[in-house]
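One structure is given below, encoded as structure tokens.
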Amino acid sequence: MSKTKSKKIVIYGAGGHGLVVAEAAEASGWTVVGFFDDGMHEGKPVERWKVLAQEKVGVATGVIIGIGENVTRGRIFDRMVRAHRRLETIVHPTAWLSPSAKIGRGVCIGAHAVVNARAQVADGAIINSAAVVEHDCQIGEHAHVGPNAALGGDVVVGGFTLIGVGASVRPAVKIGERCVVGAGAVVVADVAAGRTVVGVPAKIRR
């Protein structure tokens with residue numbers, strides 16, 4: 001994770017989540033020069049910024065991917081790595097990030113989020129607004145912990161898994177890769193890879 005402030009950054013993805021990331025970056029001291037977006041033409045305005053042509057932005061400018069959908073974010077992350085783009089991490093200034101936590105590349109930690117002692121957040125993950133990742137949790141690559149979700153200590157969240165808005169997970173539970181935990185669900189037992197669970201307590205949706 002870069003510690004240097006007042007550097008230039010581009011947000012990949014000009015939708016709603018991309019705008020949230022842009023504003024978090026600016027609040028953290030970055031200079032947001034604009035957006036990349038495959039579905040928008042060069043020069044299109046996005047609030048105070050514009051969509052930029054990728055070939056016109058040098059690799060010295062950092063990139064963070066502002067796309068909430070995990071698979072798409074992971075695919076673009078890999079493309080940026082192959083293009084030798086520097087993937088930056090954004091931590092909103094109101095978030096709490098433990099000094100003993102380990103944070104990968106291209107991570108976004110939103111406003112009022114908490115990442116506590118010895119937690120590990122892998123490349124490309126999102127810890128969204130007011131989410132709580134307790135001590136010793138492990139968040140896999142390109143996973144997404146949604147707004148107001150809360151993970152007890154020692155929880156494992158597999159790569160590309162979505163923890164929905166307001167969901168909670170009991171301590172020491174393991175959730176596999178490419179799972180979906182529905183909004184407001186309460187997960188009290190391990191979840192195998194590829195499953196969708198909903199409800200209180202959370203059960204597999206068939």
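For the range 60-89, give me each residue that is assigned to a helix (DSSP H, G or I), within 10 Å of the chain's Cα centre (by Cα) and of a type outside the set (Lys, Arg).
Asn70
Filter the range 174-206 down to the residues that are crowded, with 20+ Cβ neighbours inside 10 Å, in a loop (DSSP other than H, G, I, E, B) and of a type in the set (A, V, I, L, M) and list them by number.
Ala185, Ala202
Being of a type outside the set (Ser, Thr, Tyr) and either surrounded by fewer than 18 Cβ atoms within 10 Å (Cβ to Cβ) or in the same structural domain as Ile64 (by TED's automatic domain parsing) (or both) is the requirement here; does Arg118 meet it?
yes
Condition first: within 13 Å of Gly68 (Cβ to Cβ) and out of contact with any helix residue (DSSP H, G or I) (no Cβ under 7 Å at 6 or more places or on another chain). Now tell me which residues in the range 144-160 satisfy that. Give the derivation first.
In the first step, residues of the range 144-160 are kept if they are within 13 Å of Gly68 (Cβ to Cβ); the result is 144-147, 160.
Matches in the range 144-160: Val145, Gly146, Pro147.
Looking only at the range 90-115, how many residues end up being surrounded by fewer than 21 Cβ atoms within 10 Å (Cβ to Cβ) and either within 26 Å of Lys56 (Cβ to Cβ) or charged (D, E, K, R) (or both)?
2
Does the range 40-59 hold any residues that are assigned to a loop (DSSP other than H, G, I, E, B) and in contact (Cβ under 8 Å) with a residue 24 or more places away in the chain, and which are they? Lay out the reasoning, then the answer.
So in the range 40-59, the residues assigned to a loop (DSSP other than H, G, I, E, B) come out as 40-44, 47-48, 52-53, 57-59.
Listed by number, the residues that qualify are Met40, Lys44, Glu47, Leu52, Val57, Val59.
Conditions (1) surrounded by 12 or more Cβ atoms within 10 Å (Cβ to Cβ); (2) under 26 Å from Cys179 (Cα atoms); (3) in contact with a strand residue (DSSP E or B) (Cβ under 6 Å, 6 or more places away or on another chain), marked per residue:
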| site | (1), (2), (3) |
| --- | --- |
| Trp30 | yes, no, yes |
| Val33 | yes, no, yes |
| Gly39 | no, no, no |
| Glu55 | no, no, no |
| Ile76 | yes, yes, yes |
| Arg79 | yes, yes, no |
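If I filter the range 168-187 for residues that are closer than 24 Å to Val71 by Cβ and under 14 Å from the mean Cα position of the chain (by Cα), do I get at least one hit?
No: zero hits.
Is there a residue being among the β-branched types (Val, Ile, Thr) and closer than 20 Å to Asn128 by Cα anywhere in the range 176-183? Before you say what the answer is, go through the steps one by one.
Of all residues in the range 176-183, those among the β-branched types (Val, Ile, Thr) come to 180-181.
The next check asks that each one be closer than 20 Å to Asn128 by Cα; those that pass are 180-181.
Within the range 176-183, one or more residues are among the β-branched types (Val, Ile, Thr) and closer than 20 Å to Asn128 by Cα.
The values are calculated or read from the model by the stated rules, or taken from the named source; none is laboratory data. Keep in mind it's a predicted model, so treat the numbers as computed, not measured. Cβ atoms come from the backbone with ideal geometry, glycine included; neighbour counts cover every protein chain shown.
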